Structures are given as structure tokens and as C-alpha cells.
Amino acid sequence: MGLRSLSDYRVLVLPGLYSSGPEHWQSRWQRLYPGFERVEQDDWAHPQLAAWSARLDQARARDGRPVLLVAHSFGCLTAAYNLAREPHGVAGVLMVAPADPDKFGVAADLPHAKLPCPALMIGSSNDPWMSASNAALWARRWGARFIDGGALGHINAESGLGDWLFGQSRLQELVELAQSAHRQPQWA
């Protein structure tokens, strides 16, 4: 098998609390890459790991192509929870500005071990939803490479990132990591 490009993957977008508005980088990426699919939730105001994960399961089941997850805030927690339950078919996950599991009372429900696929986590040094040190701790638990994105707040629309080219570069890096992992014997 040759090298894969982003277009060889199904990209599922996992927003956090209240979804991502039109100027959020996730929404902008969906406009740039029309094939990206947002995982919609029934209740964006009251996130529940099991319900949000079940909705992700439904989205994953609609297509058998390898999946990349692009998660923000509570979407990061949903991705980790979901992967711990069903890793098959997920080639990698990009986690951006994860929400603090303790603030939502879900830390005990999340995996405390390496995720079963390549993972990158981008945190902010002044994120009001999770300190960079706590994000780095969760990244270590999950075997994700932690990337300090600088002082970007919650890395959302208020951060004024536009199409967030740095994040797009990290997504391309994830494609390369997923391809490398796929070539390893445990992914054969």
C-alpha cells in the first residue's frame, strides 16, 4: 500500500459544548474540506460521554474507510472514551484544547492508558477549560504527543485563528503518523 493522503481518510469532526460556531476552526475546516463530517449531538448544552460516544459509534458505522477524529474540548473526552470501547477503524485522533474531565465529573470514566491509535494533543497555555499542565498529563496517559499551542485561550472562535494553518499542519502530521502506525505489525 502506498502513502495515504488526507483524502484517503474519513475525517469526523467532534465539537465540544454548544458545538462549534461558524467562525470556529472546526467549522472553517469543514468549509475548506467538504468531505469532513461533523458528528451531531442531540444535546449540545449538556454533554454526556455515553450519549455522545453512541452518536460517534453511529457515525463510524456508516462507512468502513479508516477514520481520523478531529476533536475539540468535550469532543476530546468523547473521542478517548469511544476509542477505549471500540478502537477498530480509527487511524488517529487530533485532540485540541481538551476540556478538563474533573470539571465535568467524568475523569473516572475515561481511559487512563494509551489510546490504541496515534494521537496528537494541542493545548493552550491560558486555556480556561484545562491548564496546559493538566492537558499534558492527560496526553501522557493517553500516549498522545502534547503540543503547546501557545496562549490561544480555548483554541476556539474567540482565539481568532481563522483557518488555523498550524492545526491543519498537525492534522497532516497525524496522517503521516497513522500511515507509519499502519505499517507496523500490530496494525497489519
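The values are calculated or read from the model by the stated rules, or taken from the named source; none is laboratory data. What you see is a predicted model, and the numbers here were worked out from it, not measured in a lab. As a convention, Cβ positions derive from the backbone with ideal geometry for all residues, glycine included, and neighbour counts pool all protein chains shown. Surface areas here come from the heavy atoms of the whole protein model, side chains and all, with no ligands, DNA or RNA. Shrake-Rupley method; radii C 1.70, N 1.55, O 1.52, S 1.80 Å.
Determine the pairs where a residue that is farther than 19 Å from V93 by Cβ, located within region 149-172, has a partner that is of a type in the set (A, V, I, L, M) and open to solvent by 30 Å² or more (accessible area, probe 1.4 Å) with Cβ atoms under 6 Å apart, the partner being 6 or more residues away or on another chain.
What qualifies is S159/L152.
From the list L110, L56, L115, which residue is within 18 Å of R170 (Cβ to Cβ), within 16 Å of the chain's Cα centre (by Cα), of a type in the set (A, V, I, L, M) and open to solvent by less than 40 Å² (accessible area, probe 1.4 Å)?
L115
Could you check G162 against (1) more than 26 Å from P22 (Cα to Cα); (2) surrounded by fewer than 16 Cβ atoms within 10 Å (Cβ to Cβ); (3) of a type in the set (G, A, S) and say which number it fails?
The number of the failed condition is (1).
Checking R85 against (1) under 21 Å from F146 (Cα atoms); (2) open to solvent by 40 Å² or more (accessible area, probe 1.4 Å); (3) of a type outside the set (G, A, S), which test does it fail?
(1)
Mind listing whichever residues of region 1-52 are touching a Ser or Thr at 6+ places or on another chain (Cβ under 6 Å) and part of a strand (DSSP E or B)?
L14 - this is the single residue of region 1-52 that is touching a Ser or Thr at 6+ places or on another chain (Cβ under 6 Å) and part of a strand (DSSP E or B).
For region 119-129, name all the residues that are over 12 Å from F146 (Cα atoms) and crowded, with 24+ Cβ neighbours inside 10 Å.
Residue satisfying the conditions is D127 alone.
List every residue pair whose Cβ atoms lie under 7 Å apart, where the two residues are 6 or more positions apart in sequence or sit on different chains, the first residue falls within region 26-42 and is closer than 11 Å to G162 by Cα and of a type in the set (K, R), and the second residue, located anywhere, is open to solvent by less than 50 Å² (accessible area, probe 1.4 Å) and part of a strand (DSSP E or B).
none
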